[in-house]
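The values are calculated or read from the model by the stated rules, or taken from the named source; none is laboratory data. The shown structure was predicted, so the numbers you read here are calculated from the model rather than taken from an experiment. Here the Cβ positions follow ideal geometry from the backbone for every residue, glycine too, while neighbour counts run over all protein chains shown.
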Amino acid sequence: MRAALVVSGFTALFAGTPTSAAPGPRADERDVPAIQDAPRPLDRTFYFTRAAYNDRRRGPWGSWATDYPKADIQFLIGVKRLTIIDAYEAEHPMRLDDPDLRRYPFLYAVEVGRMALTPPEIEGLRTYLLAGGFLVVDDFWGTYEWANFEREIRQVLPEYQIVPIPMDHPVLRTFYDIHEIVQVPNVWQGRTGGPTWERDGYTPYLRGILDDRGRVMVLISFNSDLGDAWEWADDPFYPLPYSNYAYQIGVNMIVYGMSR
Amino acid sequence: MLQSLAGFLFKYRPVVFERGDLTFTAPWPVSAAVVSGLALIGVTAVMYARVPGAATRTDRLALIALRAGAIAVLAFALTGPALMIATVVPQQNFLGVLIDDSRSMQIADAGGRRRGAAAADAFAEDGALLRALGERFKVRLFRFSETVSRLDSTGALAYAGRRTDIGGALESVRRDLSAVPLAGLVLLTDGGDNAGSSLTDPLLRLKADRVPVHVVGLGSERFDRDIEIGRVETPRSVLQGTSVAVEVTIRHAGYGGRTVMLNVEDEGRIVSTREVRLPREGESATVRAHFTVIDPGARVFRFAIPTQDGEALSENNTVEALIDVADRREKILYFEGEPRFEVKFLRRAIDGDPNLHVVTLQRTAENKFLRLDVEDSTELVAGFPRTRRELFQYRGLILGSVEASFFTHDQLRMIAEFVSVRGGGLLALGGRNALGEGGYADTPLADALPVVLEATPAGSQPFFRELSITPTPFGRAHPVTQLRPTPEASQRRWDSLPPLSMLNPITAVKPGASTLLRGDADGGPYVVLASQRYGRGKAIAFPVQDSWLWQMHADIPLEDMTHETLWRQLLRWLVSGVADQVMLTASEDRVDPGREVVMTAVVSDSGYLRRNGADVMATITDPTGEERTIPMQWTVERDGEYQARFTPEMDGRYRIDASARQGATSLGLGTTFVEAGDVGTEYFDATMRSATLRRIAEETGGQFYTEATMDALPEDVSFTESGATVYEQRDLWDMPILLFLLIGLVAAEWTLRRARGLA
């Protein structure tokens, strides 16, 4: 199964341009055993919760499952080694319209360039964020995918603006001091030493949606693929600096999301 | 009636027998009368024994006894019994008459007449009582309330005194008349002594001088219909935004079962209203009024019940209290041993609260800490405080999931002393490394905590329970559990809250600790919120790990403020009453002008050790803004305690600031307020206090009278050993009771003899 997921992850990375055709089957209509079988223990402090959402992608797997679950598990190994967070070690996906989502105030979403939220998902994510949940968005590239994500997130939080995260923002100081936003390439380009960008996403950005008190509700890692850097951190051909950076900013995101 | 009958039968009133000494005045010795009587009894016995007839032995003994009784009465009369009693020499002695001139004498419970009217009538210039006393004494009239002065005529009585000081009045008049032969004092009052001074010393001095105090109690001992607000317990100072629960005791007579409204007003604005059903006759109602203090500054809160029909007094339906609503930022240290969402949501709950400043120190990795909301770059830069000075700058301390072994033994002792010596508030949260699971069971901190910690056995399964949480009966009345404006709405909210989880199985609290919240689950109930006083401070345990679910749970609407309200109230409670280095209090927060106020300052250094050698000055700002500064003196009786006195002269609010220095070092500043004005003391507990008045009479050798019996005063007052007196002989041989006894005994004997055929 893991091999299938890896293949799926790679497929996602090289899936080509997003389509504006009619959306494919809903995420919850596909056979995604990972969600149905996911354990739901309650006695741990932190769950790296992956957002399972509806998208426009065709195929057996939703784009939400890109790099899933190896990236999650491998990242959590690092989180537990680097910090003292009582983190649940396994993958933990949840649908955005699941009422239990609010029990897990940290949420990670990837490939949002193909996101196509249903009304219940919009409502679920909106109440989640306004109640105090923290969403990290990763691994989407270029103008078209940005436009798609922006359109989707505006349905969720129409009254809030997406703003740049300055380099002196606490999210870049919370655990590690990060002084540069690095473009983290996907595994293929990282291994081959090719260009780090995809499509027209030449420059990495860290952006955010802030609440009325200036706290980050949504942290957007655009034109970068932290997930691959976590997933392939054990690959001797994947450049270590990218994995290091991905772990550092990933830990910062978690600690920020647990304390602000 | 009984007194009159006794006076007729015994010829004199009982007071004469109490004061007089028995003597025998016949020209022959008492023994002669006794011997003669016995001889006659003997002869009678012999005669009755020998006389023929059918009478039984019992009849004969009864006849002998009756005859013996008659002979004894006769023999007693023949001894010439008399009482020797000291009485005043007419016009040679002074009599002080003290008339209560306080407001309570305006109460019209003396048969529809004001209490003062009875006294004024009796001692009016043409009054019968004054005339009768004037025949025997030189009468001096005094009026008294909080002060005493001579009174020329009862027409000058205004009944306007705001307090009554009976002890002070007696002492003052005793001194005033100490140079003249004083036969006694007459005190006319309702006994409502509310000056706070002791009666014991003045009574002892009067007793030593053999000056009897005759007391006339005015008014009734019980109102037929009245409602009175008794005790109202308010905090002196609270933080702005605090939810306050004030316990109010309501007494009543004649309104059992009636529902009345208790209103609380903040400077005229109603902040709380609740219905109170009055209990049955003779019982008091104790209710809690809940309200939130919003506006800062020293504020007068008014607790009032609308006047009911037929009430004897309306003035005692209102009580006012002064509360200093502090608009300051209370600094609390939250030390969390691991990244937890509790940090995020606690900080969010108080975000924007101008009165709470939570400085967070969160351990994120071994020896790596995240500091949040510190005041400067040096604060907590070395981690958790290692010195008392550093820790004691905070007023509250929250300990999260951090194992005891993280701290040195001295740090654990320091945390315990933060509560016991500094007087700070400690809040221990639950978590996988907290409380018993954190190894605190045998540490100095275990003593401070209100819950019983059990050491976790090695290898045991981790504990985890989801708890349905409800307030205990004690907790329901506590301000910290008030999630909604009314207790009923709060209870409904508690009933609908989702469960929280617990990793620390706490089921017992220490003796003296209080449980406010409990959680029900298998093996429970579990303690969810408990507190206890520990030394000068308080310790609270809140051993759940995810109170943030009351913000994030799907059942909690976005606009719901339960989580914010709970934490804001919990943290305000945590720091309420926490000591400053200079703690200033006044003996009374509301006083009548002219009444002395004692200010007490307790001065400590930065380690909260009491300091005796400090220079402490009190600056008093009167209602017009004028300031004066007076030194405060060390009381010697207690370490670090300084006192000064001042007397407010005008109505209005007085601000008092005490500053303390030791050498060049400032030890701090303390502030308190005193509201001078009409307190209305005279109208509370305003029934006639016969117990107090009887005590005054009994301890000094005087008599207690009521308005109905005070006609006997002139005669009774005459029997005194004080002043210029002579001894009078009062014969007893001709008491009607002796004649009636003699006739009765003889008649009974004759009747019995006739019945038994011995006549």
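Side notes on the structure shown:
- Residue that is farthest from B:L503 (Cα to Cα) [pool: residues in region A:38-60 that are away from chain B (no Cβ under 14 Å) and buried (at least 23 other Cβ atoms within 10 Å of the Cβ)]: A:R57
- Residue count for region A:224-260 satisfying the condition of being in contact with a Ser or Thr (Cβ under 6 Å, 6 or more places away or on another chain), more than 14 Å from chain B (Cβ to nearest Cβ) and in contact (Cβ under 8 Å) with a residue 60 or more places away in the chain: 1.
- Subset of region A:48-81 that is within 25 Å of A:R126 (Cα to Cα) and assigned to a helix (DSSP H, G or I) - its residue that is modelled with the highest pLDDT: A:D72
- B:G459, sole failed condition from (1) assigned to a helix (DSSP H, G or I); (2) more than 40 Å from the chain's Cα centre (by Cα): (1)
- Any hit, region B:33-44, residues being of a type in the set (S, T, Y), more than 60 Å from the chain's Cα centre (by Cα), within 30 Å of B:R754 (Cα to Cα) and loosely packed, with under 14 Cβ neighbours inside 10 Å: no
- Only residues that are in a loop (DSSP other than H, G, I, E, B) and within 12 Å of chain A (Cβ to nearest Cβ) were counted across region B:354-391, and they come to 3.
- Taking region A:136-176 as the range and being within 14 Å of another protein chain (Cβ to nearest Cβ) and more than 12 Å from A:R207 (Cβ to Cβ) as the test, the residues that pass are A:V156, A:L157, A:E159, A:P170, A:L172, A:R173, A:T174, A:F175, A:Y176.
- Considering (1) in contact with a helix residue (DSSP H, G or I) (Cβ under 7 Å, 6 or more places away or on another chain); (2) outside any loop (DSSP other than H, G, I, E, B); (3) not aromatic (F, W, Y), the lone condition that B:R347 does not fulfil carries the number (1).
- Number of the condition not met by B:A618 [criteria: (1) touching a residue at least 60 places away in the same chain (Cβ under 8 Å); (2) crowded, with 17+ Cβ neighbours inside 10 Å; (3) among the aliphatic types (A, V, I, L, M); (4) assigned to a strand (DSSP E or B)]: (1)
- Single residue of B:T635, B:T692 found to be in contact with a Gly (Cβ under 6 Å, 6 or more places away or on another chain), modelled with pLDDT of 90 or more, among the β-branched types (V, I, T) and surrounded by fewer than 19 Cβ atoms within 10 Å (Cβ to Cβ): B:T692
- Screening B:F464 on (1) within 30 Å of B:I294 (Cβ to Cβ); (2) within 14 Å of chain A (Cβ to nearest Cβ) shows it passes everything except condition (1).
- Listing of strands (runs of 3 or more DSSP E) fully contained in region B:480-555 that carry 3 or more residues being within 17 Å of A:L42 (Cα to Cα) and away from chain A (no Cβ under 14 Å): none
- Strands (runs of 3 or more DSSP E) fully within region B:632-744 that include at least 3 residues being under 30 Å from B:R611 (Cβ atoms): B:641-646, B:652-662, B:665-676.
- One residue stands out among those in region A:61-82 that are within 14 Å of chain B (Cβ to nearest Cβ) and in contact with an Asp or Glu (Cβ under 9 Å, 6 or more places away or on another chain): the one that is farthest from A:A229 (Cα to Cα), which is A:K80.
- Leading residue by the ranking (nearest to A:S259 (Cα to Cα)) among those in region A:203-221 that are in a loop (DSSP other than H, G, I, E, B) and out of contact with any helix residue (DSSP H, G or I) (no Cβ under 9 Å at 6 or more places or on another chain): A:G214
- Among the residues of region A:105-127, those identified as buried (at least 23 other Cβ atoms within 10 Å of the Cβ) and either closer than 20 Å to A:A233 by Cα or within 14 Å of chain B (Cβ to nearest Cβ) (or both) are A:P105, A:L107, A:Y108, A:A109, A:V110, A:E111, A:G124, A:L125.
- The listed residue being of a type in the set (V, I, T) and under 19 Å from B:V679 (Cβ atoms), out of B:V238, B:V244, B:V232: B:V232
- Exactly one residue out of B:D324, B:D309 is touching a Ser or Thr at 6+ places or on another chain (Cβ under 6 Å) and either acidic (D, E) or modelled with pLDDT under 90 (or both): that is B:D324.
- Residue count for region B:202-231, restricted to those that are touching a strand residue (DSSP E or B) at 6+ places or on another chain (Cβ under 7 Å) and among the charged types (D, E, K, R): 6
- Within region B:556-566, the set of residues being within 13 Å of chain A (Cβ to nearest Cβ) and buried (at least 18 other Cβ atoms within 10 Å of the Cβ) comprises B:I556, B:T562, B:H563, B:E564.
- In the set (1) surrounded by 14 or more Cβ atoms within 10 Å (Cβ to Cβ); (2) aliphatic (A, V, I, L, M); (3) free of Cβ contacts under 8 Å to residues at least 12 places away in the same chain, A:L210 fails one condition alone, (3).
- Pairs, first touching a residue at least 12 places away in the same chain (Cβ under 8 Å) and crowded, with 19+ Cβ neighbours inside 10 Å in region B:575-592, second of a type in the set (A, V, I, L, M, F, W, C) and in a loop (DSSP other than H, G, I, E, B), C-beta under 8 Å, six or more apart: B:R590/B:V679; B:V591/B:V679; B:D592/B:V679
- Residue identified as assigned by TED's automatic domain parsing to the domain that holds B:E146 and not hydroxyl-bearing (S, T, Y) among B:R251, B:R231, B:R175: B:R175
- Residue satisfying all of: in region B:308-347; without any contact (Cβ under 8 Å) to a residue 60 or more places away in the chain and more than 14 Å from every other protein chain (Cβ to nearest Cβ); farthest from B:R363 (Cα to Cα) among these: B:D309
- Some residue of region B:73-90 being surrounded by fewer than 16 Cβ atoms within 10 Å (Cβ to Cβ), touching a residue at least 60 places away in the same chain (Cβ under 8 Å) and at negative phi: yes
- Strands (runs of 3 or more DSSP E) completely within region A:104-196 that count 1 or more residues being within 22 Å of A:W230 (Cα to Cα) and in contact with a helix residue (DSSP H, G or I) (Cβ under 8 Å, 6 or more places away or on another chain): A:106-110, A:134-138
- Note on region B:115-126: residues that are small (G, A, S) and in contact with a Ser or Thr (Cβ under 8 Å, 6 or more places away or on another chain) total 3.
- Filtered residues of region B:94-129 (kept if under 24 Å from B:L206 (Cβ atoms), touching a strand residue (DSSP E or B) at 6+ places or on another chain (Cβ under 7 Å) and at pLDDT 85 or above): B:F94, B:L95, B:G96, B:V97, B:L98, B:I99, B:D100, B:D101, B:S102
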